[in-house]
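Below is one structure; the comments refer to it alone.
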Ligand SMILES: Cc1ncc(COP(=O)(O)O)c(C=O)c1O
């Protein structure tokens, strides 16, 4: 009978991410949050179009893409999708083409991830002011058919790369984290992450079952109601477990997810902005307004409400998203300590 680690190592994967990512202490931010110990798992430093959680998922997804001998990857996301830009970067790194169906507002501003998509030469179909996931998925399916008719070998990658295979990247990340925690891995820890398409959370939960049993994994939703998160997370985790040849032991009751700002996806919220400024100014740690800033705001809220154990080591998973910062300058103008010195007074 093979161990969970051996089963994980037996699944096809290609190296795309710079691993292991650092685990860094953030003592001033910990004090601000009222936590005894805060550690930041720096998955913003995985590489691939400036880094982020998608790199770990794409290691498994692209192994499948190469095995099927596909020559073009089609995927979907919002206009500032980190997943889309990182998929395009991975495709280019492996000599493949990328086609992106993007939706929602703000594509006119060629900034942040939208600029990266263009630089990477991804062909884009932009669904003006529409970021309905089903409509974008239908457009992806149409494109895939067209590509087949043209004699191409397309691979359709669902939103966020959140497939059973993709989530294995986060099963693996928990194993990596357990090694980094050393003796602390045997006691209780809390792991906090932003949640969008649920693959990261699914992988973390399954990974915790296998490699870090004392972990309480907490998701902060940025785009879906918590009950929808629980349903989708369990589905993905079951598929990941199947790939490992294990019976999935997760139920919806095991999925702990919060987030009262999920209706403002892509919007810079006041609490997210406060968390971004606190992290930057206390630790030099940069967060983004769509995912990690909201996750940090969620952690602050849980701590203030006493909903987490402040004495237990807390790991904040920095899932990346930093290119979005460079499309968000307007929201931070009032934070600038800026004195304009007119030429004649110099
Ligand atoms: C920066 C960032 N953080 C967190 C997430 C959420 O991850 P997941 O889609 O796996 O839930 C995403 C992707 O949507 C992301 O781009």
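Just so you know, all these numbers are worked out from the coordinates, no wet-lab data involved. Predicted model, so just to flag it, every value in this text is computed and none were measured. Every residue, glycine as well, gets a Cβ built from its backbone with ideal geometry; the counts of neighbours run over all protein chains shown.
Cα centroids of segment 209-239 and segment 1-66: 16 Å apart. Percent relative contact order of segment 8-159, based on C-alpha pairs within less than 8 angstrom and at least six residues apart? With pairs under 8 Å counted, the relative contact order is 22 percent. Segment 1-95 has equivalent-ellipsoid semi-axes of 30, 20, 10 Å, by the square roots of 5 times the alpha carbon gyration tensor eigenvalues, sorted largest first. Hydrodynamic estimate: the Kirkwood radius of the chain over Cα pairs, inserted into Stokes-Einstein at 10 °C and 1.306 mPa s, corresponds to D of 78 µm²/s.
For segment 14-158, the pair-distance distribution built from all alpha carbon pairs, in bins 10 Å wide starting at 0, is 12, 36, 30, 15, 6, 1 percent.
Take each peptide in 332-345, 292-305, 138-151, 271-284, count the other Cβ atoms within 10 Å of every residue, and average; sorted highest first, the result is 292-305, 271-284, 138-151, 332-345.
Using Cα pairs under 8 angstrom and six or more residues apart, how large is the relative contact order of the chain, in percent? Walk me through the numbers before you get to the answer.
Working: 682 pairs, mean separation 70.4, N = 346.
That works out to 20 percent.
Comparing segment 127-191 with the 2.2 N^0.38 Å rule of thumb, its C-alpha radius of gyration ratio is 1.79 (two decimals). Rg over Rh for segment 290-332 works out to 1.09, both radii taken from alpha-carbon positions and Rh defined as the Kirkwood radius. Helical runs (DSSP H, four residues minimum) scored at -39500 (n - 2.57) apiece and divided by the length of the chain put the mean residue ellipticity at 222 nm at -13000 deg cm²/dmol. For the pair residue 12 and residue 126, a Förster radius of 35 Å applied to the C-beta separation gives a FRET efficiency near 0.60, rounded to the nearest 0.05. When the P(r) of segment 104-243 is calculated, the portion above 21 Å amounts to 55% of the C-alpha pairs. Using 10 Å bins from zero, what percent of all Cα-Cα pairs in segment 168-281 falls into each bin? Reading upward from the zero bin: 15, 41, 32, 12, 1. In whole Å, what is the distance between the alpha-carbon centres of segment 283-336 and segment 128-187? Centre-to-centre distance over Cα atoms comes out at 23 Å.
Expressed to the nearest 5 percent, the antiparallel share of DSSP beta bridges inside the chain is 10 percent.
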